[in-house]
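First up is the structure itself, then whatever we jot down about it.
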Amino acid sequence: MPFDAPASDAPTSDTRATHGARDSAPGARDSADRPQGPPPEPGAPEPGAPPEPGKQPEPGKQPEPGKQAVPALRIVPVRRTGQWIAALFVLLLLAMAVNSLARNKAFQWDVVADYFTTSAVLRGLGLTLWLTALVMVLGFVLGTLLALGRMSSNPVLSWVSSGYIWFFRSTPILVQLLFWFNIGALYPQLGLGIPFGPEFVTVKTVNLLGPVTVAVLGLTLHEAAYAAEVVRGGLLSVDRGQIEAAQSLGLSPWRRLRRIVLPQAMRAIVPPAGNMLIGALKGTSIVSVIAVQDLLYSVQLVYHRTYQVIPLLLVATIWYALVTSVLSVGQHYVEKHYARGAERS
């Protein structure tokens, strides 16, 4: 009696063909055994795909099995070799200068310390500061009038203001001072009266214009020409729409200038005005040629008597540097005050 194998243990030809096809397809068995998850989101990389170039795995997250970890890129700072060499060279020059100042006995720093706060030097310093302040105030008052005259629609005011500015900017300040100091040679007497008629008051020029008065007059007329251009540049920097808006509100010309134009123009006026102030402080030293006892003339009187020229000149230089530094700090805060509306917080 023939033996019949069970149907379950004897694979049929169809079963063998099915298993053979499954085994022959690459990855077929893995895909059949892997549990099916939710479909990937749009734009997400395919499972098992290598990471995109430039993308790094999240910090503290281990890469998935079968994926290759991408090493983190190392940031290399820019090498500024030339800048460091230049900085070292400048520091070397500064060290040499300090060493020269400290070890050169010709500077006579002990003499500088002795004369630095003497009464003659302090009187000269006081006159220099007074002369600078007075010249700047009068110069800017006259300069503002000249700037308004040059911007005026009246041709006479415009031409006269332009001629004044041209003349005093084209003449050296030393020539102007010497001219005013010798004005008595041209006009021995000055009088007040009716043109081509009698004079009511007359005075000798020598008695009227002393050295200090000549210094104030000459420096004021000179500074007013430069102040006029500074003020005119500040006024022109204000947007035309601001002026038209003030006109539409019915403001008078003086009120427009005082409340609308000048506060905005000060942002452009203050920086060059600060430079003019510092220049006027140093420029007052030129009045020593007409025997005005400012700071420079005071130290000249001392070293003409003691022949210690270098230390006395250092006294004047240090005082000028100190006052200029204080004025520079004040200019910085004035600029910040008028730039409040233009700065971003």
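The table below gives the values:
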{"item": "Candidates 291, 185 - the one that is within 30 Å of residue 319 (Cβ to Cβ), among the small types (Gly, Ala, Ser) and open to solvent by 40 Å² or more (accessible area, probe 1.4 Å)", "result": "291"}
{"item": "Verdict on residue 268 being of a type in the set (A, V, I, L, M) and more than 30 Å from residue 114 (Cα to Cα)", "result": "yes"}
{"item": "Test: residue in the range 91-108 that is closer than 25 Å to residue 313 by Cβ, surrounded by 10 or more Cβ atoms within 10 Å (Cβ to Cβ) and touching a residue at least 60 places away in the same chain (Cβ under 8 Å)", "result": "yes"}
{"item": "In the range 237-269, the residues that are under 22 Å from residue 336 (Cα atoms), in a helix (DSSP H, G or I) and open to solvent by 90 Å² or more (accessible area, probe 1.4 Å)", "result": "258, 259, 267"}
{"item": "Odd one out for residue 316, checked against (1) closer than 13 Å to residue 124 by Cα; (2) surrounded by fewer than 17 Cβ atoms within 10 Å (Cβ to Cβ)", "result": "(2)"}
{"item": "Number of the condition not met by residue 226 [criteria: (1) aromatic (Phe, Trp, Tyr); (2) crowded, with 18+ Cβ neighbours inside 10 Å; (3) over 23 Å from residue 166 (Cβ atoms)]", "result": "(3)"}
{"item": "Count of the range 141-171 residues which are open to solvent by 70 Å² or more (accessible area, probe 1.4 Å) and touching a His at 6+ places or on another chain (Cβ under 9 Å)", "result": "1"}
{"item": "Residue 197 being outside any helix (DSSP H, G or I), modelled with pLDDT under 95, out of contact with any Pro (no Cβ under 6 Å at 6 or more places or on another chain) and more than 30 Å from residue 263 (Cβ to Cβ)", "result": "yes"}
{"item": "Filter pass, residue 138 being surrounded by fewer than 18 Cβ atoms within 10 Å (Cβ to Cβ) and in a helix (DSSP H, G or I)", "result": "no"}
{"item": "When residues of the range 294-313 are limited to those that are assigned to a helix (DSSP H, G or I) and of a type in the set (Phe, Trp, Tyr), the one least open to solvent (accessible area, probe 1.4 Å)", "result": "303"}
{"item": "Some residue of the range 111-133 being surrounded by 10 or more Cβ atoms within 10 Å (Cβ to Cβ) and closer than 30 Å to residue 256 by Cα", "result": "yes"}
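Yes or no, residue by residue, for (1) among the charged types (D, E, K, R); (2) more than 27 Å from residue 277 (Cα to Cα); (3) touching a residue at least 24 places away in the same chain (Cβ under 8 Å):
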| residue | (1), (2), (3) |
| --- | --- |
| 158 | no, no, no |
| 175 | no, no, no |
| 185 | no, yes, no |
| 190 | no, yes, no |
| 210 | no, no, no |
| 231 | no, no, yes |
| 234 | no, no, yes |
| 247 | no, yes, no |
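The values are calculated or read from the model by the stated rules, or taken from the named source; none is laboratory data. What you are looking at is a predicted structure, and each value in this text was computed from that prediction instead of being measured. As a convention, Cβ positions derive from the backbone with ideal geometry for all residues, glycine included, and neighbour counts pool all protein chains shown. Side chains included, ligands, DNA and RNA excluded: accessible areas come from the protein's heavy atoms. Shrake-Rupley method; radii C 1.70, N 1.55, O 1.52, S 1.80 Å.
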